[in-house]
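Here is the structure we will look at, set down as C-alpha cells.
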Amino acid sequence: MQLIDDFLHLLYPSGCFVCEKELSKFENHLCSFCLEKISLTNFHLFEDATSMDKLFWGRIKINKSYSHLFFEKNKVSQSILFSLKYKNNPSIGIYFGEEIGKILHVIPELSNVDAILPVPLHPKKQFSRGYNQSEVLAKGIATTFPKKLDVKSVVRSIHSETQTKKSRFQRWDNVSGIFFIKNEIKHYQHILIVDDVVTTGSTIEAMANAILSISPTVLISVATLAIAK
C-alpha cells in the first residue's frame, strides 16, 4: 500500500493552494511553510472571554464560541477563505472542518451538542457556487466531532446581497428575516451553528434569533473557520 501511495504521488503530485509549491506526501492542501503563517486563535485555551465571545455580548446569548484562525487581509488566511468560497475547493473546507472538530471534541461546554447546523445559502447562490462552504466545513467537523449534521431545519428563504462592503448596520439590515426555521428544531436542546467567517456577527445573530423564536430554550454555540482580526 505504501508503494502504491508513493507511486501515485509521483504520477499526480498536488500543490499548495496558496503558494502552488508541490506538496510532499506528508502534507495536505497547504505546505508546511504556508501552514506556519496561519494565525491560530487558540480560543479553546482561553480562560477569560475571547474577542469572539465579546462580539455577541448584549446581542444574543451564546453558550460557547470558537473560531479556528484570524482572518488577515493579504495573508494566508485570506487565501484559505477565498479558495474555499470562490475557487471551487470544498476539500479545503473538509480538511479545516476536521481540524476544528478535533478541538471542539475536547471542549467540555460542547459535549452535549445535539446537532451541527451550517449557515445555509439561498438555493440560487448555492447553485451558482456549486456548494455551501459552511456546510462543507460542518461535514468536516462532524467527522471528528461526531454529532448529527442537520442541513434541513434552517432554510435561507431570501436571497440577500453580499455582505463584503456593508457597514455593521447594513449587514444586520441585509440578513434580518432571511431565515425560515422548521419545527424539527424543537427536537434539540443544544445546537452548534457553523459558518466560514465571522466579522460583525450579523448573520449568526439573525440565524440564532430565528431559531430562538421557534425554540426559546435551546442552547446555541458557534464555530467558524475564521474571525476578522
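Looking only at residues in the stretch 96-121 that are assigned to a loop (DSSP other than H, G, I, E, B) and within 17 Å of VAL151 (Cα to Cα), the one that is nearest to the chain's Cα centre (by Cα) is VAL119. Within the stretch 41-52, being in contact (Cβ under 8 Å) with a residue 60 or more places away in the chain and in a helix (DSSP H, G or I) holds for HIS44, SER51, MET52. The requirement of being more than 15 Å from SER67 (Cα to Cα) and in contact with a Pro (Cβ under 9 Å, 6 or more places away or on another chain) is not satisfied by ASP114. Taking the stretch 80-106 as the search range and keeping residues that are hydrophobic (A, V, I, L, M, F, W, C) and closer than 11 Å to PHE17 by Cα, which one is surrounded by the fewest Cβ atoms within 10 Å (Cβ to Cβ)? Applying the filter and picking the extreme gives PHE82. Taking into account only those residues within the stretch 53-84 that are part of a loop (DSSP other than H, G, I, E, B) and of a type in the set (A, V, I, L, M), which is modelled with the highest pLDDT? Residue satisfying both the conditions and the ranking: ILE62.
The values are calculated or read from the model by the stated rules, or taken from the named source; none is laboratory data. Predicted model only: the values in this text are computed from it and were never measured. Using ideal geometry, Cβ is built from the backbone for each residue, glycine included, and neighbour counts are taken over all protein chains shown.
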